[in-house]
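Engineer: Dumping the structure here so I can ask a few things about it.
The values are calculated or read from the model by the stated rules, or taken from the named source; none is laboratory data. Please read these numbers as outputs of a predicted model, since none were measured by experiment. Using ideal geometry, Cβ is built from the backbone for each residue, glycine included, and neighbour counts are taken over all protein chains shown. Side chains are part of the model used for accessible areas, which takes the heavy atoms of the whole protein and leaves out ligands, DNA and RNA. Shrake-Rupley method; radii C 1.70, N 1.55, O 1.52, S 1.80 Å.
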Amino acid sequence: MGNERRSKEWLDWMPLAALLPIGVVLLLSLHEIQDVHRRNIAATLQAVLSTTREGLLTWARQAKGAAGFWANEPRIRRAVAAQVEVRRGDGSLRDSPYLQDLRLELGGIVEREQCLGFDVIALDGTHVASDRDELLATKTLSAHDPDTIAAALRGSTVMGTPFAMRSPVLGRVTPVLVVAAPVRSVAGEGEIIAALAFRIDPGRELTQIAHRGQVGAAGETYAFDRHGRVVTELRFAQNLRDMGLLAAGERTSLNVEIRDPGGEAPDGSARRLPRMEQPLTRMATSAVAGIAGVDVEGYRDYRGVEVVGSWLWDQELDLGLATEIDKSSAYGVYGVTRRVVLTACGVTLLATLVLTILLQRRAKDLATGVQREQELRRELEDRVRRLECAETELKEAIRVREEFLRFASHELRTPLTSLRLLYEHMLRSRSQPLMVTLGSKDISRFLKVSSRELARITQVINNMFVVASFATGPPALNLERTELNEIVRRTARQVTEQLEADGCSLELQLDRSVFGYWDDARVEQVITNLLSNASRHGAGQPISLSVVRQAGFAVISVRDRGVGITPEQRDRLFEPFRWTPEAHSGLGVGLYVCRLIVWAHGGEILVESEPGQGTTFRVRLPLPPEIDGGDAALAPEGERKPAEERSNGGTE
């Protein structure tokens, strides 16, 4: 009686125990979802950053091309030469008619391209022409950006880096970016006589391109120089004004440095360190050092807000680029998913706990009669059904990879059903000793069927893992120097029992040793899927498995003698989740996985078939140049055996 009572108590608590593996699966699923989300965030940030970089490079090259074009325009070259001669003759640069000609020619370009202005710089760095009178006879640009002006006077068309230039007209400091090209004389050998420079507003030109790369409502893309100063207009400038780091009406270009304030201050209070003593952010420090990177774990930006981002330093632009988004916004979808899953799990656990307590109380009345017991059982089964319906609705609400889950449930249902029927038969026979109820042959058959179905489940899980891995791009392969015949023999031994259960035999035809650099487990998975496909469609006929070398490739061939396939079916053969009424089982993911793995190795998979004549799949894996045609010499002495000895006559 005591043992029976303890057994009943254990059964009462079984629903709670059953939730433990479900909880483990949910936690693992959440971890996998988080990893996938991180990879997607990283890919998005890098794509936006790369697109913005290409846009800036295109704009910079167009700007330099335009400057070079106008510097070579004959009318401008003659006017520049004449203006230089006016200066040499101590004439008035401001009253020179050639200055008016240059302003007339270049003024339209400046207005059309929305530049700040133009300047003509003599060989000694002096402005001999400009759209602004106050710059004439000065060396303003040479003082602010000497490297750019010097490079132009040496014959290169160059773009400088942004700098701050005080405007007497506007009465404030203006960000300036210079594009300069050499101007050559019209007569003589075309020697350089001056440089034509266009002043551009980086806060407008660069910002227009950078803002196209903003990610969502909480993201921004911006550029900065080697000092960590922002050269574009920032999206969150108002935050800096609220923090007292930017004056009202002041632009962010060249007025804000990307420093880490050490955490966000919601009330706008002063930071613990003065702004100039604060270090550059981790992103800016890395980018200025020339190290590109991506961080999806989180770091503080110039506001002290935790963000995720991607960054690089472009040598051609001599600028750093960064794309960032608030971490809370980037992980918002994952946070909602996690809360929904955990809430659903908690509700299910609470409901199960309450249900378990109620069942324990009702179990005390089971002794009153069989009728009452049956009523309670029906009530319990009804509640369990309602609970299963509620769980199904919750899973539907999550809607995570619906196609993937539908494939998994269908693929796993068949072997699990077989195992369930076997175990139910064992449970019905538990009133008598096992050897009395089942003979040794039945037990052997039970174990073989269980092993076969578990092998099929393992195959399905491996295929699911490959599909999930390739969803975000080809994963890294564990490439090692491997002998292909050994993989084939090992796989053949593992699937022999399954093939025999389908009424098929396996014929091996192996070439001499074939060495290459492949992922052993993935190649084995390809062979297993092809053999499994052949056994399903082979109509109980022998299956041929061969390995040969052909023109720099290792070729694995799997041939069945089944019904074959039509040209229409062949066109959709490698599509994922493909199902046809003629298939004995599965949803068509096995061949799809084969193609993914073979493509990842740089190979190809081919199919030959005629209706009623069977089907042949050929997997072509490339051989390295040092192994192709010479692998026997590279193989250890113990491996240099005749092909006939290694394959035991060619059949296993």
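Engineer: In segment 495-514, which residues are in a strand (DSSP E or B) and among the polar types (S, T, N, Q)? Quick ask: steps written out before the conclusion?
Structural biologist: So in segment 495-514, the residues in a strand (DSSP E or B) come out as 506-510.
If the condition is that a residue be in a strand (DSSP E or B) and among the polar types (S, T, N, Q), then Gln509 is the only one that fits.
Engineer: What do you reckon, is Ser156 assigned by the TED database to the domain that holds Ala195, assigned to a loop (DSSP other than H, G, I, E, B) and out of contact with any Phe, Trp or Tyr (no Cβ under 6 Å at 6 or more places or on another chain)?
Structural biologist: yes
Engineer: Another question, if that's okay. Which one is most open to solvent (accessible area, probe 1.4 Å) among residues in segment 272-304 that are in contact (Cβ under 8 Å) with a residue 60 or more places away in the chain and in contact with a helix residue (DSSP H, G or I) (Cβ under 8 Å, 6 or more places away or on another chain)?
Structural biologist: The selected residue is Val294.
Engineer: While we're on this one: Output the qualifying pairs, or none if there are none: Cβ atoms under 9 angstrom, residues six or more apart or on different chains, first residue in segment 128-157 and open to solvent by 20 Å² or more (accessible area, probe 1.4 Å), second residue among the acidic types (Asp, Glu) and in a loop (DSSP other than H, G, I, E, B).
Structural biologist: Lys139/Asp124; Ser142/Asp124
Engineer: When segment 72-92 is examined, which residues are found to be outside any helix (DSSP H, G or I) and either surrounded by 20 or more Cβ atoms within 10 Å (Cβ to Cβ) or among the hydroxyl-bearing types (Ser, Thr, Tyr) (or both)?
Structural biologist: Passing the criteria: only Ser92.
Engineer: Further question on the same structure: Under 9 Å between Cβ atoms, which residue pairs at least 6 apart in sequence (or on different chains) link something in segment 164-182 that is closer than 16 Å to Ser130 by Cα and outside any strand (DSSP E or B) with a partner that is at pLDDT 65 or above and open to solvent by 70 Å² or more (accessible area, probe 1.4 Å)?
Structural biologist: Sorted first by the residue in segment 164-182, then by its partner, the pairs are Pro168/Glu134; Val169/Glu134.
Engineer: Here is a further query. Return the only residue of Arg199, Arg235, Arg212 being of a type in the set (D, E, K, R) and in a loop (DSSP other than H, G, I, E, B).
Structural biologist: Of the residues listed, the single one that is of a type in the set (D, E, K, R) and in a loop (DSSP other than H, G, I, E, B) is Arg235.
Every residue, every condition in (1) part of a helix (DSSP H, G or I); (2) farther than 20 Å from Val36 by Cβ; (3) at pLDDT 85 or above; (4) open to solvent by 40 Å² or more (accessible area, probe 1.4 Å), yes or no:
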residue: Gly309; (1), (2), (3), (4): no, no, yes, no
residue: Gly320; (1), (2), (3), (4): no, yes, yes, no
residue: Ile325; (1), (2), (3), (4): no, no, yes, no
residue: Ser328; (1), (2), (3), (4): yes, no, yes, yes
residue: Gly335; (1), (2), (3), (4): yes, no, no, no
residue: Arg361; (1), (2), (3), (4): yes, yes, no, yes
residue: Cys389; (1), (2), (3), (4): yes, yes, no, yes
residue: Ala397; (1), (2), (3), (4): yes, no, no, yes
residue: Glu403; (1), (2), (3), (4): yes, no, no, yes
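Engineer: If I filter segment 488-522 down to residues being open to solvent by less than 20 Å² (accessible area, probe 1.4 Å) and under 34 Å from the mean Cα position of the chain (by Cα), which single residue comes out as farthest from Pro622 (Cα to Cα)?
Structural biologist: Within segment 488-522, the match that is farthest from Pro622 (Cα to Cα) is Thr491.
Engineer: Let me ask something additional. Can you tell which of Thr566, Thr616 is under 17 Å from Gln509 (Cβ atoms), open to solvent by less than 60 Å² (accessible area, probe 1.4 Å) and at pLDDT 50 or above?
Structural biologist: None of the other options fit; the residue is Thr616.
Engineer: Next question, about the same structure. Among the residues of segment 210-227, which ones are surrounded by 21 or more Cβ atoms within 10 Å (Cβ to Cβ) and more than 21 Å from the chain's Cα centre (by Cα)?
Structural biologist: Ala210, Tyr222, Ala223, Phe224
Engineer: Now, a different point. Looking only at segment 538-557, count every residue that is over 31 Å from the mean Cα position of the chain (by Cα) and surrounded by fewer than 22 Cβ atoms within 10 Å (Cβ to Cβ) and tell me the total.
Structural biologist: 13
Engineer: Hey, among the residues in segment 93-123 that are in a loop (DSSP other than H, G, I, E, B) and in contact (Cβ under 8 Å) with a residue 12 or more places away in the chain, which one's surrounded by the fewest Cβ atoms within 10 Å (Cβ to Cβ)?
Structural biologist: Among them, the one singled out is Gln114.
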